[in-house]
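For reference, the structure discussed in these notes is given below.
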C-alpha cells in the first residue's frame, strides 16, 4: 500500500503550475565492510538503497520544490542536504531539510487558492558495500533495499518498505504503511501496526507481530511465529515449526511440515495439509482438512465451531460448550466434553468419549473398540462392520444405536428406570424398574454392551 507517496506525487503535479526548482546531491565516501551504516531519513522520500561490491558509498539524491513562496523554496533548497559522518565504526547518513513547510494547507486545494502552495519530490539512490550492517529510520517514505549480506534493520511510520535479496534481515517495524520482503533470509522480527506485510522465499526464522492489517507469508525455510490481532493472514509452505497466537483474526494456513501450534480467540482459522499440531481455541470458527499425522493432535477448546475433514491422525479433544463436526476421519479419537455437541460421518478408528450434557450423533463409524460414557444428552450412532468391543453408558438420556443387519454379536442391554427396544429378536426381562436383555445376534460374536440410567435404549437395523 503506497498511498502516501502517491498523494505526494499528485500534490506535486497540482502545484507544478508554480515554477519548480531543484537541487542534486552527489556524495562519495569510503566504507569498510562490516561497518554499521545508519540512515536517518525525512518524510516523503523515494530512495533505493543497494548493496554493491566496492568499498565505497555513493549518494545521489534529487529534490524538486514547487512553492509559491520563492523565498521559502530557495531557503529549503539551500538547507536541504544529505550528509555523512564517521563515528568510530559507524557511518551516519542524515537527510536534512528546513523545518518550515510554508503557509500552504490542504484546504487551499478545495478553495482553488494556491497562493501558498508547496510540494516536494525527493528521489534517488544510495549505494553501499553489501557487507555493511544497515540500520534505517524513515517516515512516510518509499524505501527499497536490495543486495545486502549483513544484518539489516528498518523502522519508522507510514513507510512502504520493499526488501529483496538481503541475506540477514533482522528487525522491521512500521505503522500505517506496508512491507514487502522477497528472496531474503535472516532472523526476522517484524512489528507492524495497520501495515500489511508480504514475505515470499525466506531462509531462516520469522516472527511477525501485527494488528489491524494483513499478512501473506509463504515459502519459509525455517520457523514461523505469528502474533496477530484483527488481522487477515495467509500462510503457506513452511518447513519448520509454526506458533500462532491470534485474536479476532482470519487465518488460512497451508502446508506446514513442522509442528503447528495455534492459540486463538474469537477468530476464523482454516488449516490445510498439515501434520502434527495443537489447537487451543476460545469461541473460534475452525476448520482442518487433509491432516495427516502419526503423532497425537490435541484440541483444547471452549466455545465455537470446529470442523475436521479428510484427515488421518489420533485426535484428542477436550472441549467445553462447542460444536464439533467430523467427516471422513481415520484414526483413534478421544473426546471429553461438557455442554457441547458432536456430529460425525464416515469415521474409521477406535472411539473413547467421556461427556456431560453433550449430544453425540455419528452416522457411520468403523472401529474395533468403542467406549462411551455420557450424561444428560442422547448418544446416537450408526456402526459398521463387526467391532470387537462396544461399551456405551449413558445417564439421564437415551442411547440409539444402528447395527448392520448381518452383524454377529452378543448384545447386552440394561435400562435402569427406562425402556429397551430392539429390531433384533431379544427377550426383555423387567425387574423392579430395571429392564435387561441378553441375546446372541446371528450366532453371536464380540460383546456390545449398552446401559442407561433414567434413559431408554433402542437398537435398530440398517
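The values are calculated or read from the model by the stated rules, or taken from the named source; none is laboratory data. Here the structure is a predicted model, which is why all the values come from computation and not from measurement. Here the Cβ positions follow ideal geometry from the backbone for every residue, glycine too, while neighbour counts run over all protein chains shown.
What the table below lists for this structure:
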| quantity | calculated |
| --- | --- |
| Enumeration of residues in the range 259-288 that are surrounded by 18 or more Cβ atoms within 10 Å (Cβ to Cβ) and under 21 Å from residue 219 (Cα atoms) | 260, 262, 269, 271, 274, 276, 277, 288 |
| In the range 353-374, the residues that are within 32 Å of the chain's Cα centre (by Cα) and at positive phi | none |
| One residue from 39, 91, 65, 61 being in contact with a helix residue (DSSP H, G or I) (Cβ under 8 Å, 6 or more places away or on another chain) and assigned to a strand (DSSP E or B) | 65 |
| Of the criteria (1) at pLDDT 95 or above; (2) assigned to a loop (DSSP other than H, G, I, E, B), which one residue 407 fails | (1) |
| Among the candidates 137, 171, 165, residue that is within 30 Å of residue 24 (Cβ to Cβ) and outside the structural domain of residue 43 (by TED's automatic domain parsing) | 165 |
| Scope the range 252-279; condition in a strand (DSSP E or B) and over 13 Å from the mean Cα position of the chain (by Cα); matching residues | 273, 274, 277, 278 |
| Test result for residue 282, assigned to a strand (DSSP E or B) and over 24 Å from residue 214 (Cβ atoms) | no |
| Filter result for the condition that a residue is in the same structural domain as residue 459 (by TED's automatic domain parsing), surrounded by fewer than 17 Cβ atoms within 10 Å (Cβ to Cβ) and either assigned to a strand (DSSP E or B) or touching a helix residue (DSSP H, G or I) at 6+ places or on another chain (Cβ under 9 Å) (or both), over 345, 393, 421, 380 | 421 |
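Here's the yes/no breakdown for (1) surrounded by 19 or more Cβ atoms within 10 Å (Cβ to Cβ); (2) under 25 Å from residue 164 (Cα atoms); (3) modelled with pLDDT under 95:
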residue	(1), (2), (3)
54	no, yes, yes
58	no, yes, no
72	yes, no, yes
93	yes, yes, no
